[in-house]
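Peer 1: Sharing a structure below in structure tokens format, with a few things to ask.
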Amino acid sequence: MFSGYRFMWLLVMFDLPVLSKAERKEASEFRMSLLDEGFHMVQFSVYARCCTSPKQIDTYCKRIEGALPAGGEVQILQFTDKQYANIITYYGKKKQPAKKIPDQFSLF
């Protein structure tokens, strides 16, 4: 079993302009780049990804920086898997269990 402090999560939050057709295209390309990098959508404009090392976090931060659109605001938050497990989620009034580490990290 892995320690809950070994895995780290990246949370990318953004507010991008979408008034013009060009801005909508740029915002869509940014979202697609996050999905292509293995992030999953938590909410609109909030994407998360589990990372296995500080080096991997640096790699993804640089890739995000390379995909940044010209306008808007993008924030990247990083925290441990143990902290991620403490997130309280509700769908309507029903509380949901914490999400687990993605299957891609399962050992054979």
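Peer 1: So which of Val12, Val18 ends up being part of a strand (DSSP E or B) and farther than 13 Å from Tyr84 by Cβ?
Peer 2: Val12
Peer 1: Select from the range 26-50 the residues that are in contact (Cβ under 8 Å) with a residue 40 or more places away in the chain and in contact with a Leu (Cβ under 6 Å, 6 or more places away or on another chain) and write down the one among them that is farthest from Ala67 (Cα to Cα).
Peer 2: Among those that are in contact (Cβ under 8 Å) with a residue 40 or more places away in the chain and in contact with a Leu (Cβ under 6 Å, 6 or more places away or on another chain), it is Arg49.
Peer 1: Next up: Give me the pairs, please: first residue somewhere in the range 6-25 and without any contact (Cβ under 8 Å) to a residue 12 or more places away in the chain and within 19 Å of Phe44 (Cβ to Cβ), second residue anywhere and part of a helix (DSSP H, G or I) and among the basic types (Lys, Arg), beta-carbon distance under 7 Å, and either six or more positions apart or on two chains.
Peer 2: As it stands, the answer is Val18/Arg24, since those pairs meet every condition given.
Peer 1: Hey, another quick one. Does the range 84-98 hold any residues that are touching a residue at least 40 places away in the same chain (Cβ under 8 Å) and exposed (fewer than 15 other Cβ atoms within 10 Å of the Cβ), and which are they? Break it down stepwise before answering.
Peer 2: Step one: of the range 84-98, the residues touching a residue at least 40 places away in the same chain (Cβ under 8 Å) are 84-85.
Within the range 84-98, Ala85 is the sole residue that qualifies.
Peer 1: Kindly check whether there is at least one residue in the range 66-77 that is polar (S, T, N, Q) and either at pLDDT below 95 or in a helix (DSSP H, G or I) (or both). Show your work before the answer.
Peer 2: Looking only at the range 66-77, we keep the residues that are polar (S, T, N, Q), and these are 75.
Then drop every residue that is not either at pLDDT below 95 or in a helix (DSSP H, G or I) (or both), which leaves none.
No: the range 66-77 contains no residue that is polar (S, T, N, Q) and either at pLDDT below 95 or in a helix (DSSP H, G or I) (or both).
Peer 1: Considering the range 58-74 alone, what residues qualify as being in contact with a Pro (Cβ under 7 Å, 6 or more places away or on another chain) and surrounded by fewer than 16 Cβ atoms within 10 Å (Cβ to Cβ)?
Peer 2: Across the range 58-74, the qualifying residue is only Gly71.
Peer 1: Please count how many residues of the range 57-80 are out of contact with any Cys (no Cβ under 7 Å at 6 or more places or on another chain) and touching a residue at least 40 places away in the same chain (Cβ under 8 Å). So that I can check it myself, show each step before the final result.
Peer 2: Going residue by residue through the range 57-80, those that are out of contact with any Cys (no Cβ under 7 Å at 6 or more places or on another chain) are 58-59, 61-75, 77-80.
From the residues that got through so far, the ones that are touching a residue at least 40 places away in the same chain (Cβ under 8 Å) too are 61, 64, 69-75, 77-80.
So the count comes out to 13.
The values are calculated or read from the model by the stated rules, or taken from the named source; none is laboratory data. All of these numbers come straight from a predicted model, not from anything done at the bench. Glycine gets a Cβ as well: all are built from the backbone with ideal geometry, and neighbour counts include every protein chain shown.
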